[in-house]
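Taken together, the values in this text are just the output of simple stated rules run on the coordinates, not laboratory data. Keep in mind that this is a model prediction, so the values were computed, not measured. Methodologically, a virtual Cβ is constructed for each residue, glycine included, from the backbone with ideal geometry; neighbour enumeration extends over all protein chains shown.
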Amino acid sequence: MIAICSFAIGAVGLVEILSGVADAGAYGAMVFLLGTGTFATIGARRAFKAAPEPKALPAGDAVGTVLALAAREGGRLTITEIAAKTPLSLSQAHAAMEELRQQNMLQSIITDDGVELFQIKGLLGPAEKAAARDILD
C-alpha cells in the first residue's frame, strides 16, 4: 500500500514538474516518494515470495520415508501427518501414497471429520501382533 501511495504522489509531482508549475521542494518530494515506492515494492516482493519447494526425493526414497514413518506410527497416517513429520512436502507425500495405492499397499479410511486416513497393509501395531494366532491353530 505504501508503494502505491508513494508512486501516485510521486507521479503527481512529476506532472507538476513537467508542466512547469512545481517549485524546488517538489523535486525533492518526487525523488523521495518514487524512491520510497521503489524500495517498498522490492521489499514486498521479497516478503511475499513463495517458499521454494523442498528438493524432490526420488520416488523410491519418498515411499521409503513414508513406510518408515508408518512403521513408527502403527501403520496409519494422513497426508498432513506425513508432511509434518518428514522432510516431504504435501505434494511429495501425496505422490508417495499414490504410488503405494497403485501397488495395492494401502487401505483408505475416511474419518467422521472427512479426513482420509491411510492404513499401510502389512504394518501392524503391537496389539494386533500380540493378538495374531498361528495359521495352524
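Some observations on this one:
- Cα lying deepest toward the dipole's positive end in the stretch 63-137, options H94, T65, I110, charges on Cβ: T65
- For the pair A127 and D112, label points projected 7 Å from Cα toward Cβ lie 1.7 nm apart.
- Here the simple spin-label model places points 7 Å from the Cα toward Cβ, and for R76 and E98 these points are separated by 2.6 nm.
- Separation in nanometres of the label points that stand 7 Å from Cα toward Cβ, at D134 and S91: 5.3
- Summed side-chain charge close to F118 - residues other than F118 whose Cβ falls under 9 Å, Lys, Arg +1, Asp, Glu -1: +1
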